[in-house]
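Chemist: This is the structure I want to talk about, given as structure tokens.
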Amino acid sequence: MPGPLIHNALGAAPPVVARAEGVWLWDAEGNRYLDGCAGAVVSAIGHSHPHVVEAIAAQAAKATYAHRGAFTSEAAEAVGETLSRMSGFPGVWLVGSGSEATEAAMQFALQYQREVGEPQRTTFLTARAGYHGSTLGALSASGHARRAAVAGLALDMTALPAGDALRDQGDQSETEYAEAMLREARTIIHEHADSLAAVMIEPVGGATLGANTHPAGYLAGLKRLCEETGALFIADEVMTGMGRTGTVLACDAEGVQADLVAMGKGLGSGYTPIAAVLVSSRVLTAIEQGSGAVLGGHTYAGNPLSAATALAVLEVFETEDVIARGRGAAAVLREQLDELATRHGIVTDVRGRGMLLGLELDAGGRRQGATASALYAACAAHGLVVYPTTGGYVDAVIIAPPLMIERGEISVLVVALDAALTDLETSYEAPQRLPD
Ligand SMILES: Cc1ncc(COP(=O)(O)O)c(C=O)c1O
């Protein structure tokens, strides 16, 4: 029975989560679900990992909070060192959520430009159909339909093309497509060249685009355009980072070195709200040689309990070779999704990278998003949770289970998805409410 707690859909009564372990979730009525999307592409190492659970209890017994203005903690320092070693970035700034990470990255870019004597560089360019978070600045940078919530306040940044092979590529080869996108991006970036602080982009389109990759060479080309114009390049790796696409950062696979990286999701893996900005030596040096201080910060940023939790998650990543295991499992899952698509006409595209996979669906003339929501409901009825895209661009669901998923669990996922697609094709029912 709905209480005062407000859900996205007012009056909704979602199942009550009772327990979670590995790739599985149980509701209070005892129903079991396979977490086919790691929540919101979060639980990279799976649920209730004993090493993390023990670390949370141990840190809680020591110290949960001390303000970072007055104290640091061994755990926070170790998170900085481990993330720096894994990513190759010399600086790590901790925050509490992906939206805070993208906004903090934008603020680092503004500070960098002031430190190097370019204070007029205050504008940003982002992709037309990206998603960078739900705070005012992050939503301003997003091409999400939810932008309407901040109408009149949102700044105008969403101008650049993003990979949308299904719709825009047409007869062009991938190289021709990347070149066409870069020609368009060049015009837009050069129009803003004098005032541009940074370009921010997701290396693989997530929440709005359903694991849509850019054509090869596009990210590297954008980075070159930034270098030409004095703008910084920010990679929003909140969804793609921490091995989700097969490498620590998705940019690594394309040989692109960002100036700033926003991370989140897999870093806390669902055990604690934590996110980070990775800061390059270019930006760090400018601050060191300039004011010597970073402006900003959040009350809970890098608190000892979250830091110890994230440290334990990072230890699991390293000791259990989570990223390599995710690559192997992703190859198996991808093959099976490709096969599913040959049998289900409603699936118009299977795409993605590593364990960030997406199925685009034939909207069949229905309201945009309705088919993805109907598939979400059909999957839930078969004990599988998937992540429908939102934002008004594509009817797609993201399939992104924990990176540690075993082969047998992949088979369970695919059998449930197969059954849900069959249900959808035989008796399409419009969902009562859209999940947000
Ligand atoms: C690429 C990207 N950036 C930023 C965010 C915002 O993260 P959060 O919801 O933790 O604020 C998300 C969340 O889905 C995301 O996918």
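Chemist: For segment 389-408, which residues satisfy the criterion of being of a type in the set (G, A, S) and not in a helix (DSSP H, G or I)? Break it down stepwise before answering.
Modeler: Filtering segment 389-408 for residues of a type in the set (G, A, S) gives 391-392, 396, 400, 408.
Selection gives G391, G392, A396, A400.
Chemist: Still on this structure, please answer the following. Tell me which residues, restricted to segment 328-387, are among the β-branched types (V, I, T), closer than 30 Å to V16 by Cβ and at pLDDT below 95.
Modeler: To start, the set of residues in segment 328-387 that are among the β-branched types (V, I, T) comprises 332, 342, 346-348, 350, 371, 385-386.
In the following step, the residues that additionally are closer than 30 Å to V16 by Cβ were identified as 371, 385-386.
Across segment 328-387, the qualifying residue is only T371.
Chemist: Another question, then. With respect to G241, is the statement that it is under 21 Å from Y131 (Cβ atoms), of a type in the set (G, A, S) and either surrounded by fewer than 21 Cβ atoms within 10 Å (Cβ to Cβ) or touching a residue at least 12 places away in the same chain (Cβ under 8 Å) (or both) true? Full working, then the answer.
Modeler: Values: under 21 Å from Y131 (Cβ atoms): yes; of a type in the set (G, A, S): yes; either surrounded by fewer than 21 Cβ atoms within 10 Å (Cβ to Cβ) or touching a residue at least 12 places away in the same chain (Cβ under 8 Å) (or both): yes.
Taking the combined requirement at face value, the residue satisfies it.
Chemist: Let me ask something additional. Just wondering, is there one or more residues in segment 14-31 that are within 30 Å of A149 (Cβ to Cβ) and free of Cβ contacts under 8 Å to residues at least 12 places away in the same chain?
Modeler: Yes, segment 14-31 contains at least one residue that is within 30 Å of A149 (Cβ to Cβ) and free of Cβ contacts under 8 Å to residues at least 12 places away in the same chain.
Chemist: Hey, another quick one. Does segment 179-191 contain any residue that is more than 24 Å from G392 (Cα to Cα), surrounded by 16 or more Cβ atoms within 10 Å (Cβ to Cβ), touching a residue at least 60 places away in the same chain (Cβ under 8 Å) and away from the ligand (no atom under 15 Å from the Cβ)?
Modeler: Among the residues of segment 179-191, at least one is more than 24 Å from G392 (Cα to Cα), surrounded by 16 or more Cβ atoms within 10 Å (Cβ to Cβ), touching a residue at least 60 places away in the same chain (Cβ under 8 Å) and away from the ligand (no atom under 15 Å from the Cβ), which makes the answer yes.
Chemist: Given the conditions (1) more than 16 Å from the ligand (Cβ to nearest atom); (2) crowded, with 16+ Cβ neighbours inside 10 Å; (3) at pLDDT below 85, and given that D168 satisfies all but one, which numbered condition is not satisfied?
Modeler: Single failed check for D168: (2).
Chemist: Got a sec? Which of R224, R146 is charged (D, E, K, R), surrounded by fewer than 23 Cβ atoms within 10 Å (Cβ to Cβ), assigned to a helix (DSSP H, G or I) and at pLDDT 90 or above? Give the derivation first.
Modeler: Details: R146 fails: at pLDDT 90 or above.
Only one candidate qualifies: R224.
Chemist: Look through segment 116-129, keep the residues that are within 15 Å of the ligand (Cβ to nearest atom) and part of a strand (DSSP E or B), and return whichever of them is surrounded by the most Cβ atoms within 10 Å (Cβ to Cβ).
Modeler: Filtering first and then ranking leaves A127.
Chemist: Same structure, new question: Inspect all residues belonging to segment 149-156 and state whether any of them is open to solvent by 80 Å² or more (accessible area, probe 1.4 Å), within 16 Å of the ligand (Cβ to nearest atom) and in contact with a strand residue (DSSP E or B) (Cβ under 8 Å, 6 or more places away or on another chain). Talk me through it step by step, then tell me what you get.
Modeler: Taking segment 149-156 first, the residues open to solvent by 80 Å² or more (accessible area, probe 1.4 Å) are 149, 152-153, 155-156.
Now drop any that are not within 16 Å of the ligand (Cβ to nearest atom), which leaves 149.
Checking which are in contact with a strand residue (DSSP E or B) (Cβ under 8 Å, 6 or more places away or on another chain) leaves us with none.
Scanning segment 149-156 turns up no residue that is open to solvent by 80 Å² or more (accessible area, probe 1.4 Å), within 16 Å of the ligand (Cβ to nearest atom) and in contact with a strand residue (DSSP E or B) (Cβ under 8 Å, 6 or more places away or on another chain).
Chemist: Additional query: Considering (1) modelled with pLDDT of 95 or more; (2) part of a loop (DSSP other than H, G, I, E, B); (3) polar (S, T, N, Q), say which one T422 fails and leave the rest.
Modeler: Unmet condition: (2).
Chemist: Please give the number of the condition G354 fails out of (1) more than 20 Å from the chain's Cα centre (by Cα); (2) surrounded by 18 or more Cβ atoms within 10 Å (Cβ to Cβ).
Modeler: Answer for G354: the failing condition is (1).
Chemist: When segment 264-290 is examined, which residues are found to be within 16 Å of the ligand (Cβ to nearest atom), outside any loop (DSSP other than H, G, I, E, B) and open to solvent by 10 Å² or more (accessible area, probe 1.4 Å)? Quick ask: steps written out before the conclusion?
Modeler: At the first step, the residues of segment 264-290 found to be within 16 Å of the ligand (Cβ to nearest atom) are 264-278.
Among the residues that remain, those that are also outside any loop (DSSP other than H, G, I, E, B) are: 265-267, 275-278.
Passing the criteria: only K265.
Chemist: Considering (1) touching a residue at least 60 places away in the same chain (Cβ under 8 Å); (2) buried (at least 21 other Cβ atoms within 10 Å of the Cβ); (3) within 12 Å of the ligand (Cβ to nearest atom); (4) not polar (S, T, N, Q), say which one L249 fails and leave the rest.
Modeler: (3)
Chemist: For the structure I just gave you, tell me whether V261 is away from the ligand (no atom under 12 Å from the Cβ), among the β-branched types (V, I, T), within 25 Å of T123 (Cβ to Cβ) and under 19 Å from the mean Cα position of the chain (by Cα).
Modeler: Numbers: away from the ligand (no atom under 12 Å from the Cβ): no; among the β-branched types (V, I, T): yes; within 25 Å of T123 (Cβ to Cβ): yes; under 19 Å from the mean Cα position of the chain (by Cα): yes.
So V261 fails the test.
Chemist: Same structure, new question: If a residue counts only when it is away from the ligand (no atom under 16 Å from the Cβ), closer than 30 Å to G352 by Cα and open to solvent by less than 70 Å² (accessible area, probe 1.4 Å), which strands (runs of 3 or more DSSP E) contained entirely in segment 1-115 have at least 2 such residues? Walk me through it before giving the result.
Modeler: Working: elements: 17-21, 24-27, 32-35, 91-95.
Fully inside segment 1-115 and qualifying: 24-27, 32-35, 91-95.
Chemist: When you scan segment 266-299, how many residues do you find that are under 22 Å from M239 (Cα atoms) and of a type in the set (S, T, Y)?
Modeler: Of the residues in segment 266-299, 4 are under 22 Å from M239 (Cα atoms) and of a type in the set (S, T, Y).
Chemist: Ok, one more. Could you list, in sequence order, the residues of segment 168-221 that are within 24 Å of G98 (Cβ to Cβ), β-branched (V, I, T) and outside any loop (DSSP other than H, G, I, E, B)?
Modeler: V199, I201, V204, T213
Chemist: Moving on to the next point. I'd like to know if segment 199-215 contains one or more residues that are away from the ligand (no atom under 15 Å from the Cβ) and closer than 23 Å to R351 by Cβ. I'd like the intermediate steps shown before the answer.
Modeler: Just the residues of segment 199-215 that are away from the ligand (no atom under 15 Å from the Cβ), to begin with: 215.
Those left that are additionally closer than 23 Å to R351 by Cβ: 215.
The answer is yes; a qualifying residue exists.
The values are calculated or read from the model by the stated rules, or taken from the named source; none is laboratory data. No experiment lies behind these values; they were computed from the predicted model shown. Cβ: placed from backbone, ideal geometry, glycine included. Neighbour counts: every protein chain shown. Each accessible area value is taken on the protein alone, full model and side chains, heavy atoms only, with ligands, DNA and RNA left out. Shrake-Rupley method; radii C 1.70, N 1.55, O 1.52, S 1.80 Å.
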